[in-house]
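S.K.: My structure is below; once you've seen it, I'll send some questions.
The values are calculated or read from the model by the stated rules, or taken from the named source; none is laboratory data. Computed from a prediction, not measured in an experiment: that's the story for all the values here. Quick reminder, even Gly has a Cβ in these numbers, built from the backbone with ideal geometry, and neighbours come from all protein chains shown. Keep in mind that these areas ignore ligands, DNA and RNA; they rest on the heavy atoms of the full protein, side chains included. Shrake-Rupley method; radii C 1.70, N 1.55, O 1.52, S 1.80 Å.
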Amino acid sequence: MALSTKIQTAIEQFLSGKSFTSCNGARTQFKLATQLDISYHDFAKVYQAMQGAGKMGDASKVKTIKIAEREKVEYVNIEKIREEFTDDLITPIKSDTCFDNLISVYGGVLPATVTIAPGESGVGKTTVLLDYLGKIKKKKENKKLKICFISGEMNKIHLYKYQKRVKFENVDIVLLGEYERPDHIIEDVANQGYDIILLDSFQDAVNKVTAECAMGSKEAEKWLLKVMDQSRMGKNQRKVYTAWICTQHLTKGAEYAGSTTLKHMTDAMMMMKKEGTLKYIEFCKNRDGDVGTKLFFEITSEGIDYNQERFESEVDAKNTVKGLIEDAKNGNETFTKFLRANKNTLAVTEETK
């Protein structure tokens with residue numbers, strides 16, 4: 001099988017301007033640097049051609065790859081963490097919709113969080129999230145917020161259609177499909193220090209980096225998670241704790257399709273599903289908010305219309321049940337009175353089982 005143009009280019013870029021004592025040594029360093037498993041025969045062809053054309057430099061310019069030493073355990077000190085961070089981390093970014101109360105108990109998107117938003121095909125993942133960011137940006141107190149939408153799927157025609165039904169003015173937009181090195185673009189965007197970045201989708205970004213940047217899929221995913229983690233920790237030009245929201249695909253059986261690594265490393269998993277003709281959002285994991293409560297919505301010509309009344313009723317019902325359970329644990333008379341008041345109803349229910 002002939003060597004692909006992508007792999008050959010990667011080898012040429014690696015060898016250019018460098019000098020090695022042996023072809024095998026150069027191949028070993030290339031594999032360590034790129035995680036690409038290339039045969040000696042294929043690597044040697046490019047190596048000899050580069051050497052014959054005088055495209056490799058002197059030995060003083062060689063950059064050797066050092067194998068990392070064994071890491072030592074460093075125990076976390078809570079007092080130092082209190083000194084390192086402030087309550088900015090629990091200051092929510094609000095849209096003034098009921099979605100705020102679903103996404104966190106603080107009432108909005110929290111800085112330094114990573115939320116993965118898997119959804120069934122056609123449920124409206126991108127539409128819902130762009131509408132949400134647009135509503136955040138529309139608030140006067142949020143005018144100075146920097147919000148970016150990175151799309152791995154859309155082109156300018158798609159955007160033109162979207163803006164007809166969803167308002168997301170003043171949100172910066174980056175179309176990954178227009179760039180040859182999507183990894184550089186994502187790194188540059190993350191480094192600017194955005195308050196919120198919507199990535200649509202995580203897997204599409206990984207696929208593009210894998211295809212264009214000579215990375216394996218696992219390496220590309222690890223790289224992207226590292227970029228996200230650095231920006232959420234404030235390692236960017238503005239020293240802002242970036243919040244990431246990433247759409248993701250579901251299988252035809254409406255199951256999560258991403259890796260378990262991504263699932264475990266995120267703060268929240270926000271599912272978007274259908275129930276007959278109805279659509280809803282529900283968290284199955286949320287370190288900062290509730291899980292299992294459904295927020296139903298409709299996509300209209302004016303944007304997203306949330307069923308706030310149904311959402312608030314469900315929240316009230318859950319709080320009532322929690323209160324009764326807590327009363328029972330504490331031996332409170334409220335629970336006893338509830339049982340007495342509903343004795344007949346409970347008896348009928350028991351008989352019909």
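S.K.: For the chain, modelled as a GNM with alpha-carbon contacts under 10 angstrom, which of K72, K80, K279 fluctuates the most?
M.R.: K72
S.K.: Take the solvent-accessible surface of the protein heavy atoms, probe 1.4 Å, and return the percent of it on the chain that carbon and sulfur atoms account for.
M.R.: 50
S.K.: Excluding ligands and nucleic acids, what accessible area in Å² is computed for V76 using a 1.4 Å probe, to the nearest 10?
M.R.: 110
S.K.: Sorted by accessible area (1.4 Å probe), largest first, how do Y47, Y241 line up?
M.R.: Y241, Y47
S.K.: Top to bottom by accessible area (1.4 Å), largest first, where do K226, K263 land?
M.R.: Final ranking, largest accessible area leading: K226, K263.
S.K.: I'd like the orientation of helix 308-330 relative to the chain: the angle between its Cα long axis and the longest Cα principal axis, in ° from 0 to 90, rounded to 10.
M.R.: 70
S.K.: Restricted to Cα positions, what overall size does region 126-229 have along the principal axes? Three whole-Å values, descending.
M.R.: Computed over the Cα atoms, the extents are 42, 28, 19 Å.
S.K.: Next question. Taking only Cα atoms, what is the 0 to 90° angle, nearest 10, from helix 125-138's long axis to the longest principal axis of the chain?
M.R.: Once rounded, one gets 80 degrees.
S.K.: Out of (i) 1.10; (ii) 1.28; (iii) 1.06, which label holds the value of Cα Rg over 2.2 N^0.38 Å that was computed here?
M.R.: Among (i) 1.10; (ii) 1.28; (iii) 1.06, the one calculated here is (ii).
S.K.: May I ask you to compute the full-extension gain from Q48 to R238, defined as 0.36 nm times their residue separation minus their alpha-carbon distance, rounded to one decimal in nm?
M.R.: 63.8 nm
S.K.: Which pairs, out of K80/K140; K6/K235; K6/K55; K167/K239; K273/K318; K6/K125, put more than 24 Å between their alpha-carbon atoms?
M.R.: K80/K140; K6/K235; K167/K239; K6/K125, as the Cα separations exceed 24 Å there.
S.K.: While we're looking at this one, here's another question. I want the local charge near N77. Using Cβ-Cβ distances under 14 Å, sum +1 for each Lys or Arg and -1 for each Asp or Glu among the other residues.
M.R.: -2
S.K.: Once both labels are modelled 7 Å past Cα along the beta-carbon direction, what's the A328-I299 spacing in nm?
M.R.: My value for the distance between the label points is 4.2 nm.
S.K.: Net charge around G177, counting only other residues with Cβ within less than 11 Å of its Cβ (Lys, Arg = +1; Asp, Glu = -1)?
M.R.: Result for the neighbourhood of G177: -3.
S.K.: Using R₀ = 51 Å, calculate the FRET efficiency as 1/(1 + (r/R₀)^6) where r is the Cβ-Cβ separation of I7 and Y75; round to 0.05.
M.R.: The computed FRET efficiency comes out at 0.70.
S.K.: Sticking with this one: What 222 nm value per residue comes from the helices of the chain, counting each DSSP H run with n ≥ 4 as -39,500 (n - 2.57) and dividing by all residues, nearest 500 deg cm²/dmol?
M.R.: Mean residue ellipticity at 222 nm (helix-derived): -13500 deg cm²/dmol.
S.K.: Using a Gaussian network model of the chain with C-alpha springs under 10 Å, which one of K318, K285, K135 is most mobile by mean-square fluctuation?
M.R.: It is K318.
S.K.: Something else about it: Subtracting the Cα-Cα distance from 0.36 nm times the residue separation, let me have the gained length for Q163 to T86 in nm, one decimal.
M.R.: 24.0 nm
S.K.: When the Cα centres of region 67-119 and region 122-151 are compared, how far apart do they sit, in Å?
M.R.: Centre-to-centre distance over Cα atoms comes out at 19 Å.
S.K.: Per residue, how many Å² of accessible area does region 23-158 show with a 1.4 Å probe?
M.R.: Normalised by residue count, the accessible surface of region 23-158 is 61 Å².
S.K.: In whole Å, largest first, what are the principal axis extents of the Cα atoms in region 73-145?
M.R.: 46, 32, 20
S.K.: Check which residues have an amide H placed less than 5 Å from N286's amide H, if you skip close sequence neighbours.
M.R.: Correct list: M269.
S.K.: Residue farthest toward the positive end of the dipole of region 179-288, with Cβ of Lys/Arg at +1 and Asp/Glu at -1: which of C246, Q192, G216?
M.R.: Result: C246, furthest along the dipole toward the positive end.
S.K.: With the chain treated as a Gaussian network of Cα nodes joined by springs under 10 Å, which of Y179, Y194, Y160 yields the largest mean-square fluctuation?
M.R.: Y160
S.K.: Taking the Cβ of F43 as the centre, find all other residues whose Cβ is under 12 Å away and add up their charges (Lys, Arg: +1; Asp, Glu: -1).
M.R.: With Lys, Arg at +1 and Asp, Glu at -1, the net is 0.
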